[in-house]
Amino acid sequence: MTAISSETAVTESTTAAPPPATSTVAPPSTEPPPPAPITFVCGDLSLYQSGTALYSDGTTGYEASCDTYVPPTGSQDQNGDGVISGFERCGTICGEEPTSGEIQTQHGCEQGYITGPLCDDVGQPQP
């Protein structure tokens, strides 16, 4: 637009704004990084039962590689008192004399107040 006055001529002009500058930096990723793998160590047997795993995320669980249980192969002094008591005996499954529990079970099967697969284990099939 031009305005002319008798004394001075003034010229006004407008120019378009330059386009916005483009950035070559990529926007930050919105995806979270992949989680760290969860690892474990076996629990101390004086504090945890055999098979207990302590995971790096703070949880506990079972891992076969931590399971150190070995079943007895015969009567053993389990409480360390130097005597193999009746409850520590293995019984007929280990080729020894029957335990009191085996004798009581057999009697119950013979009398009929114990039935089922338990009686098969003591040689008295259910009726």
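The values are calculated or read from the model by the stated rules, or taken from the named source; none is laboratory data. Note that the structure is predicted; figures quoted are calculated from it, not measured. As a convention, Cβ positions derive from the backbone with ideal geometry for all residues, glycine included, and neighbour counts pool all protein chains shown. To get the accessible areas, we keep the full protein, side chains included, count just its heavy atoms, and leave off ligands, DNA and RNA. Shrake-Rupley method; radii C 1.70, N 1.55, O 1.52, S 1.80 Å.
Summary of computed values
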quantity: Residue-level accessible surface for THR92, protein heavy atoms, 1.4 Å, Å²; calculated: 80
quantity: Net charge, GLU97 excluded, C-beta distance under 14 Å - Lys, Arg +1, Asp, Glu -1; calculated: -2
quantity: Net lengthening on full extension, VAL25/SER50 (0.36 nm per residue, minus Cα-Cα); calculated: 3.6 nm
quantity: Theoretical gain in end-to-end length, THR68 to GLN111 [0.36 nm per residue, Cα-Cα removed]; calculated: 11.4 nm
quantity: Gain in span if fully extended, GLU97 to VAL41, counting 0.36 nm per residue against the direct Cα distance; calculated: 16.0 nm
quantity: Per-residue SASA entry for CYS42, accessible area with 1.4 Å probe, Å² rounded to 10; calculated: 70
quantity: Heavy atoms of TYR48 accessible to a 1.4 Å probe, total area in Å² rounded to 10; calculated: 90
quantity: Ranking by accessible area, most exposed first, for SER56, SER50, SER29 with a 1.4 Å probe; calculated: SER29, SER56, SER50
